[in-house]
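Step one of this worksheet: look at the structure below.
Bear in mind these aren't lab numbers, they're just calculated from the coordinates by the rules spelled out. Nothing here was measured: the structure is a model prediction, and the numbers come from that model. With ideal geometry, Cβ positions are generated from the backbone for all residues, glycine too; neighbour counts draw on all protein chains shown.
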Amino acid sequence: MRLKKSYIFICIFVIISIGFFLFYKEGSLPVNKTDKGTRLFVINRGDGLINITNRLDKEGLIRSKTVFYIITRLNGLENKIEAGDFRLSPSMTSEQIAKTLTKGTLDIWVTVIEGLRREEIADILSETHGIDKLEFMDKAVEGYLFPDTYLIPKDASVDMILSIFKNNFDSKYNGNIESLAQKKQLNRMQVITLASLVEKEARSFENRTIVASIMLKRYKNGWPLDLDATVQYALGYQSDSKTWWKKNLTREDIKINSLYNTYKNAGLPPGPICNPGLDSIKAVLAADEKTPYWFYISSRDGSVMHYAQTQEEHDENIRKYLN
């Protein structure tokens, strides 16, 4: 009786094994081996294996989600899959597709954060795409390299990269923003210049809006803006700290002879000092010139802003929070 049960168990195991083998073999085959055409498949940063598998199935590139998942795990490929875009074909087996997703992409993801100047962006692109930094600096316009995450072709030229930046900027700085700027009697260059100042001077949207209000009020009343950030921009690269933004300015720094020195020159600097994000642009457009404040300082770590209506209040804030 025991022998009979063992025989039945073995038979069931064999049947299941054969069934799984056929299922696995069928699921790993190409969806259509005669279709040699390719499709662009994009993997975003943070996409997990389950999400990728579901999308491959939805786009008709694999026969079985289960088999593809198993193949990827068994081959240790799950953590080797890269973000980017890939050319895949229905004629590829599941294993070929899985391995292709680990072999490098057609394009490279590049993240440009808010507040970088074009030199810093040139450094990033030199590392990711090997561009000529001098050519990029010669052609790039400060303030219009919109901060975002971009998928840029590996072999992209400087002109192609700048075109990608421009198209993104144009899509963000839309008709609604143009209309709001006109209501404030500001042209695009003035908005972007003010936004670049706000980007470097304040962090939260609330503080950016108040800071933008003070800047706009001082600008329209012919006051110097008195901004450290513009002096930092004028000073340029600091070889000792290996940064483009000097942290602690001295009295001598503030005397620098530059049109970007807003301690010495009233009005706006000649142009943007960095590439601002959408929040800083919106803060400028939300600015209220009727603000009672004329002055502000930030705490040493930049987390808290202190506002003042008079020079005396401003001096007291400096004494209390900075000296």
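Sequence-ordered 3J(HN,Hα) estimates for segment 234-248 from the Karplus curve with 6.51, -1.76 and 1.60 and θ = phi - 60° stand at 5, 5, x, 5, 10, 5, 5, 9, 6, 9, 8, 10, 5, 6, 10 Hz, glycine and proline given as x. For segment 186-225, the Cα-based Rg and Dmax, in that order, read 9.7, 27 Å.
Here the calculated FRET efficiency for Asn176 and Lys103, from their Cβ-Cβ distance with R0 = 51 Å, stands at 0.75, rounded to the nearest 0.05. Each Lys and Arg contributes +1 and each Asp and Glu -1, all at the Cβ; summed about the Cα centre of segment 45-174, the dipole is approximately 760 debye. Less than 5 angstrom separates the built amide H of Tyr150 from those of Val110, Thr111, Val112, all sequence-distant by 5 or more or on a different chain. Under the classification rounded if a/c is under 1.5, otherwise prolate if a/b is larger than b/c and oblate if not, where does segment 136-185 fall, given a ≥ b ≥ c as square roots of the Cα gyration tensor eigenvalues? Prolate.
Exposed loop sites, defined as trypsin sites (Lys or Arg not before Pro) outside DSSP H, G, I, E and B with at most 11 other Cβ atoms within 10 Å, are absent from the longest region of the chain, namely 104-241. Note on Lys200: aspartates and glutamates with a C-alpha under 15 Å away, same-chain residues under 8 apart excluded, are Glu114, Glu120, Glu142, Asp226, Asp228, Asp279, Asp301. Along its three principal directions, the equivalent ellipsoid of the chain from the Cα gyration tensor extends over semi-axes of 58, 22, 18 Å, largest first. Convex hull volume of the Cα atoms of segment 14-100, normalised per residue: 82 Å³.
Past 22 Å, Cα to Cα: identify those pairs from Lys220/Lys264; Lys139/Lys220; Lys184/Lys264; Lys133/Lys242; Lys220/Lys247, in the order given. Pairs exceeding 22 Å: Lys139/Lys220; Lys184/Lys264; Lys220/Lys247. Over all other residues within a Cβ to Cβ distance under 11 Å of Lys217, the charged ones net out to +1, with Lys and Arg as +1 and Asp and Glu as -1. By the helix-only formula, in which each DSSP H run with n ≥ 4 contributes -39500 (n - 2.57) and the sum is divided by residues, the chain has a 222 nm mean residue ellipticity of -14500 deg cm²/dmol.
3J(HN,Hα) couplings calculated from phi for segment 269-286 with the Karplus curve 6.51 cos²θ - 1.76 cosθ + 1.60 (θ = phi - 60°) are, in sequence order, x, x, x, x, 9, 6, 10, x, x, 5, 4, 5, 5, 5, 5, 4, 6, 9 Hz; Gly and Pro show x.
Annotation: amide H of Phe295 within the under-5 Å range of Ala308, sequence separation 5 or more or interchain, hydrogens built in the peptide plane.
Taking a ≥ b ≥ c as the square roots of the eigenvalues of the Cα gyration tensor of segment 107-171, is the shape rounded (a/c under 1.5), prolate (a/b larger than b/c) or oblate? Taking the square roots of the gyration eigenvalues as a ≥ b ≥ c, segment 107-171 is rounded. Using θ = phi - 60° in the Karplus curve 6.51 cos²θ - 1.76 cosθ + 1.60, the 3J(HN,Hα) couplings for segment 155-171 round to 9, 5, 7, 4, 4, 5, 4, 5, 5, 5, 4, 4, 4, 5, 4, 4, 6 Hz; x is entered for Gly and Pro. Using only Cα atoms, tell me the angle between helix 188-201 and the longest principal axis of the chain; keep it within 0 to 90° and round to the nearest 10. Result, in degrees: 80. I need the shape label for segment 168-323. Rule: rounded when a/c is under 1.5, else prolate if a/b > b/c, else oblate, with a, b, c from the alpha carbon gyration tensor. Here segment 168-323 falls in the oblate category.
Of all the options Glu114, Glu206, Glu82, the one that moves most in a Gaussian network model of the chain with Cα springs shorter than 10 angstrom is Glu206. The charge dipole of the chain, taken about its Cα centre with unit charges on the Cβ atoms of Lys, Arg (+1), Asp and Glu (-1) only, comes to about 1480 debye.
By the rule of a C-alpha distance below 27 Å, with chain neighbours fewer than 8 residues away ignored, the lysines paired with Lys80 are Lys25, Lys33, Lys36, Lys58, Lys65, Lys99, Lys103, Lys154. For Asp47, the shell of other residues with beta-carbons less than 13 Å away shows a net charge of -1, using +1 for Lys and Arg and -1 for Asp and Glu.
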